[in-house]
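All remarks here apply to the structure that follows.
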Amino acid sequence: EILEGQRNEDEGEEEYRLFLVRKVLTDSVVHFLSIRSTLPKLWHPVGGIFITNIGEKMSLFRFYHEIDLKRVLRGTHWFFNRYLILFYRVEKGKELLQVLLFFTELWVQIHNLPMGFMSKGMARQLGDFIGEL
């Protein structure tokens with residue numbers, strides 16, 4: 001689906017830079033048509049967007065303006081039906097279906113930590129304790 005707007009007509013080799021691959025982290029069914037209609041309404045892309053289904057729980061997003069893509073990547077974590085959406089900015093020569101989208105970084109706040117425990121070493125220990133989720 002293409003949403004109308006100003007389009008960058010430069011169709012050179014650099015066009016891959018305006019693409020994102022997305023994956024929803026869930027074991028549940030993800031309805032592509034729901035994502036395709038919902039996310040553009042949240043993002044309001046000024047240059048338009050084209051969204052293609054490329055596999056199970058994965059889509060390819062083609063933006064037509066750099067500012068729209070940057071707004072999505074700079075935003076907070078995105079969720080769909082309470083499931084985390086991971087994005088990967090496409091790189092030239094990278095096979096889209098080989099992109100591993102399983103991890104993301106999260107900011108964790110720990111409250112009521114005694115003053116003596118507020119150090120980089122303790123932060124690392126707490127991070128190691130929490131581990132990869």
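Side notes on the structure shown:
- Here the relative contact order of the range 13-98, from alpha carbon pairs under 8 Å that lie six or more residues apart, stands at 45 percent.
- Listed values (1) 37, 15, 11; (2) 34, 17, 15; (3) 76, 16, 11, entry calculated as semi-axes √(5λ) of the Cα gyration tensor in Å: (2)
- Length added when fully stretched, E66-Y16, from 0.36 nm per residue minus Cα-Cα: 16.9 nm
- Here r is the Cβ-Cβ distance between S37 and V108 and R0 is 30 Å; the resulting FRET efficiency, rounded to 0.05, is 0.35.
- Nitroxide proxy distance, nm - points 7 Å out along Cα→Cβ at Y83 and A123: 3.3
- Chain lengthening between V46 and S28 when straightened (0.36 nm per residue, less Cα-Cα): 3.3 nm
- Degrees separating the helix 32-43 axis from the principal Cα axis of the chain, which is the longest one: 80
- In this label model, L101 and L73 are separated by 1.4 nm, measuring between points 7 Å along each Cα→Cβ vector.
- Cross-link table K41/K94; K70/K92; K57/K94, entries beyond 24 Å C-alpha to C-alpha: K41/K94
A short reminder: the numbers here are calculations on the coordinates, not readings from a lab. As the structure is a computational prediction, the values presented were derived from the model and not from experiment. Ideal geometry is used to build each Cβ from the backbone, glycine not excepted, and the neighbour counts take in all protein chains shown.
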